[in-house]
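Some notes on the structure that comes next.
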Amino acid sequence: VQLQAYGGGLAQPGESLRLSCDASESIDRMTARDWYRQAPGKQRELVARITRGGANYAAAVQGRFTISRDSGKNTLYLQMDSLKPEDTAVYYCSMYRWRVGTYWGQGTQVTVSS
């Protein structure tokens with residue numbers, strides 16, 4: 001499965017960005033669909049996950065970010081509102097399929113700065 005993430009860029013604090021991740025195969029086949037991020041000098045961290053059971057978020061983004069998917073387009077989204085400078089990172093989409101493995105897309109840079 002190939003994943004293509006895009007939509008990053010430069011935003012001011014308080015603004016919004018929407019990330020997209022196009023998959024080459026049906027995302028409905030995936031067990032979990034995730035967004036991770038990695039800030040400079042820090043470990044990659046899970047930001048949001050969507051499964052059949054629903055969505056879960058890291059505490060740092062709860063209430064500001066929304067993960068969603070469009071099965072018809074095989075696309076995963078991350079709507080990021082009320083952005084903060086500490087949200088600056090490279091964002092990665094990832095999808096896990098049970099008994100198969102984990103797929104990663106290339107990162108997209110998000111910079112939040114005034």
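Below are the figures for this structure:
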| quantity | calculated |
| --- | --- |
| Candidates per trypsin sites (Lys or Arg not before Pro) in the stretch 1-44, loop by DSSP, up to 16 other Cβ within 10 Å | Lys42, Arg44 |
| Gln43 paired with Ser113, simple spin-label distance in nm, labels 7 Å along Cα-to-beta-carbon | 2.7 |
| Difference of contour (0.36 nm per residue) and Cα-Cα distance, Thr31 to Gln62 | 9.0 nm |
| Volume of the Cα convex hull of the stretch 36-87, divided per residue and given in Å³ | 92 |
| Candidate residues Val100, Val110: accessible-area rank, largest first, probe 1.4 Å | Val100, Val110 |
| At most 12 other Cβ within 10 Å, DSSP loop - chymotrypsin sites (Phe, Trp or Tyr not before Pro), the stretch 55-111 | Trp98 |
| Vicinal HN-Hα couplings computed from phi for the stretch 43-48 (Karplus, 6.51 cos²θ - 1.76 cosθ + 1.60; Hz; Gly/Pro x) | 6, 5, 10, 6, 9, 7 |
| Neighbour net charge for Gly107 - beta-carbon separation under 15 angstrom, K R +1, D E -1 | -1 |
| Farthest toward positive dipole pole in the chain [+1 Lys/Arg, -1 Asp/Glu at C-beta], among Tyr91, Gln62, Met30 | Met30 |
| Hydrodynamic radius of the chain per Kirkwood, over alpha carbon pairs, in Å | 14.0 |
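The values are calculated or read from the model by the stated rules, or taken from the named source; none is laboratory data. No experiment lies behind these values; they were computed from the predicted model shown. Reconstructed Cβ throughout: ideal geometry from the backbone, glycine too, with neighbour counts over all protein chains shown. The area values use the complete protein model at the heavy-atom level, side chains included, leaving out ligands, DNA and RNA. Shrake-Rupley method; radii C 1.70, N 1.55, O 1.52, S 1.80 Å.
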